Amino acid sequence: MPPAPIPFPPWTPWFIVGSAFLLGAILGSFVNAAVYRLPRNISMLTRTRSFCPKCEHNLAWYDNVPILSYLVLLGRCRYCKAPIPRRYLNVELIVAFLFALSAYQAFVLNTPPWLGGKGVMPWIVTAVQMVLIVDLACIAFTDLETFYIPVQTTWPFIVVGLALAPAFPELHLWCTPWTGHARWDALIDSFQGLIVGAGIPWLVGFCTIVFVRKEGMGAGDSHLLGMIGAMLGWKPAFATFMLAIFAGTFIGVSALVWDRIQQARQGDKWKPRQATFELSDDELQEAPGPDWPMLAMGGGVMAFEGLLLVLYMRGAAQLAYTKDVTLISFTLGMLIGALLFFGYFVKKQMVQLGTWPKDDRIEENEEGKKVAVMVGNYIPFGPSLALAGVIVIFYDPAIRLLAEWWFTGVTLPWWNYYTITKEWILPLIG
């Protein structure tokens, strides 16, 4: 017989939700610091005290209480009276709300057995949810303000995702039938998620440069989706990209409409917003990186996909529900690898002919700092990817069920509508 649940008070799940809200507000304050510091190369470790961006006065602890300090100070610095951007309050509220929602999903709608429930959602999924909420919030607001996604917000989590996969295969297989080699399945799915996630934005961006002569998606978008793929697998990464297209279309159309309204209202005084971000002295002196990694990555990806196909044909790796779905993953990966490999030669030829676009120009802003200006009306895609990523980490099983029905029209044998709806979908959406 399973052990009896610990007799916690009935209000315990709601206490956890409230505690998660407070924790989210605290981490939201950390996100605000990261959003300001990372693009400006200000260390998060050596300069530990928070400071006012205008007067650079170190803030006292009572000036740095999440949410409350902003309200008490009426949105102004205590020392120089400069207005504090509304972003500081918004980020803290958003992260706090999402943390509370994650705890509500895990401990109220999907009550775990140790609280007397029958929840099937592994604890590691909730933990990764919260980590990604913090990181995606940092990425979204940094990209909105600076059109730049720092590698510190993506590369370390790619490594973490690859390391977590064999240790916690539940991250990749909790809504998938387990095989006898779950750890290997999860690790391969993590690598496949990195390839598909990083490869799709790169593929879109590269094709846009080649055929339209403009940058479509930056390297930061590729790193972001690759991180989601490494953490969760190739299906969540693909779902994130598809949802981000819809979100990005809505945001893009809204931005264009807003620009037209402002242009009509301001007349000749109106200027289109240019995407700019500050450059450090090292970045100004840094020469363009070599292109040979593109060649090496392309060959490595194709070799990995070939090995994956051999393993699958021998029955040593079953990463999906049917052979057709596995072949979709293999086809995407092989296409990305081939285009990476041959893209090296395409770029080399275009650079020699002088047809490779150079949209960035270096200018000096009002503060005398060098900035890179991206010519044209750029709308960052990172916030759309971050928003879609948040949706996916909350509703991955529901999205998979809908996608399975949409593409096949039928339910596979192991998809039992009653079981899925009762044990997974309803606990996820209440």
Do you know which residues across the range 68-94 are of a type in the set (Phe, Trp, Tyr) and within 18 Å of residue 35 (Cα to Cα)? 70, 88
Exactly one condition in (1) within 24 Å of the chain's Cα centre (by Cα); (2) more than 30 Å from residue 118 (Cα to Cα); (3) modelled with pLDDT of 90 or more is false for residue 67; which is it? (1)
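Within the range 163-185, track down each residue that is among the aliphatic types (A, V, I, L, M) and either surrounded by fewer than 15 Cβ atoms within 10 Å (Cβ to Cβ) or at pLDDT 85 or above (or both). Walk me through how you get there before you give the answer.
Step one: of the range 163-185, the residues among the aliphatic types (A, V, I, L, M) are 163-165, 167, 171, 173, 182.
Result: 163, 164, 165, 167, 171.
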Mind counting the residues in the range 389-420 that are at pLDDT 70 or above and either surrounded by 14 or more Cβ atoms within 10 Å (Cβ to Cβ) or under 30 Å from residue 139 (Cα atoms) (or both)? 17
Index of the failed condition, residue 111 passing every other in (1) without any contact (Cβ under 8 Å) to a residue 40 or more places away in the chain; (2) among the polar types (S, T, N, Q); (3) assigned to a loop (DSSP other than H, G, I, E, B): (1)
Checked pairs for the range 130-148, first closer than 15 Å to residue 37 by Cβ, second acidic (Asp, Glu) and surrounded by fewer than 24 Cβ atoms within 10 Å (Cβ to Cβ), C-beta under 9 Å and 6 or more apart or across chains, list as 146/278; 148/278
Restricting the range 114-137 to residues that are of a type outside the set (A, V, I, L, M, F, W, C) and in a helix (DSSP H, G or I), the one farthest from residue 14 (Cα to Cα) turns out to be 135
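Yes/no matrix, rows are residues, columns are (1) farther than 29 Å from residue 240 by Cβ; (2) among the aromatic types (Phe, Trp, Tyr):
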| site | (1), (2) |
| --- | --- |
| 22 | no, no |
| 27 | no, no |
| 36 | no, yes |
| 46 | yes, no |
| 73 | yes, no |
| 94 | no, no |
| 98 | no, no |
Would the range 144-163 turn up any residue that is under 15 Å from the mean Cα position of the chain (by Cα), of a type in the set (D, E, K, R) and assigned to a helix (DSSP H, G or I)? no
Against the condition surrounded by fewer than 22 Cβ atoms within 10 Å (Cβ to Cβ), farther than 14 Å from residue 232 by Cβ and touching a residue at least 40 places away in the same chain (Cβ under 8 Å), how does residue 160 come out, does it pass? no
Tell me whether the range 149-156 contains one or more residues that are under 30 Å from residue 30 (Cβ atoms) and in contact with a Cys (Cβ under 8 Å, 6 or more places away or on another chain). yes
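So which residues in the range 214-239 are under 28 Å from residue 173 (Cα atoms) and part of a loop (DSSP other than H, G, I, E, B)?
233
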Sort through 104, 88 and tell me the only one that's closer than 24 Å to residue 11 by Cβ and either hydrophobic (A, V, I, L, M, F, W, C) or not in a loop (DSSP other than H, G, I, E, B) (or both). 104
Of the residues that make up the range 113-128, is at least one surrounded by fewer than 18 Cβ atoms within 10 Å (Cβ to Cβ), within 25 Å of residue 164 (Cβ to Cβ) and within 20 Å of the chain's Cα centre (by Cα)? yes
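Looking at residue 219, is it out of contact with any Pro (no Cβ under 9 Å at 6 or more places or on another chain) and either surrounded by fewer than 22 Cβ atoms within 10 Å (Cβ to Cβ) or in contact (Cβ under 8 Å) with a residue 60 or more places away in the chain (or both)? Walk me through how you get there before you give the answer.
Details: out of contact with any Pro (no Cβ under 9 Å at 6 or more places or on another chain): no; either surrounded by fewer than 22 Cβ atoms within 10 Å (Cβ to Cβ) or in contact (Cβ under 8 Å) with a residue 60 or more places away in the chain (or both): yes.
No.
The values are calculated or read from the model by the stated rules, or taken from the named source; none is laboratory data. Keep in mind it's a predicted model, so treat the numbers as computed, not measured. We place every Cβ from the backbone using ideal geometry, glycine too, and count neighbours over all the protein chains shown.
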